[in-house]
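Presented below is the structure to which this report refers.
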């Protein structure tokens, strides 16, 4: 019975042992590799000035003797921000004329980015509520400036707001066109 238990253990030793060098150590036949430290070249820094009397052969020989890690100078870096752009400033900056106040919120959006969410019809004093992309609402009436292209609210109808925009055509002539913002319809759930 003891031989049956010993046989599998001996097979494992015979199969795995040669790869690990185990049997070679027991039999005294394994060779251990000899590791020698790396040889370093003798180095000496050579200074050559423009008026030096050193011959070119001496300089070439001295450069061959110097190993790359023999002389390491640590270079100090200092950031000078003068004449460099601010890395945190945006690349595109919308130019404003000095003395002009900033644009009101309704003139910062294109008309396509606004949606009409409410109307109050009272003849000439009608009002409407438009909402920007973030959900903020603004009340507009006839004469209110709206949109990036100098649009002006011309009329408020029962289902839309009519805005007149001015633009320059390819010849440079000022033209105007009417753009309508239709009432935003809320779809009911379950239909």
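Just so you know, all these numbers are worked out from the coordinates, no wet-lab data involved. This one's a predicted model, so the numbers in the text were calculated from it and none came from an experiment. With ideal geometry, Cβ positions are generated from the backbone for all residues, glycine too; neighbour counts draw on all protein chains shown.
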**Prompt:** Can you give the extra length, in nm with one decimal, that the chain gains between residue 171 and residue 11 once fully stretched, where that is 0.36 nm per residue apart less the Cα-Cα distance?
**Reply:** 48.0 nm
**Request:** Would you please give the FRET efficiency between residue 92 and residue 133, computed as 1/(1 + (r/R0)^6) with r the Cβ-Cβ distance and R0 = 30 Å, to the nearest 0.05?
**Result:** 0.95
**Asked** Label point 7 Å out from residue 162 along Cα-to-Cβ: which residues of region 98-131 have amide N under 14 Å?
**Response** 124
**Gain in span if fully extended, residue 141 to residue 108, counting 0.36 nm per residue against the direct Cα distance** = 10.1 nm
**Prompt:** Sorted by average packing, counted as other Cβ atoms within 10 angstrom per residue and highest first, what order do 136-143, 148-155 take?
**Reply:** 148-155, 136-143
**Proxy reagent accessibility, fewest Cβ within 10 Å first, across 157, 124, 178, 75** = 75, 124, 178, 157
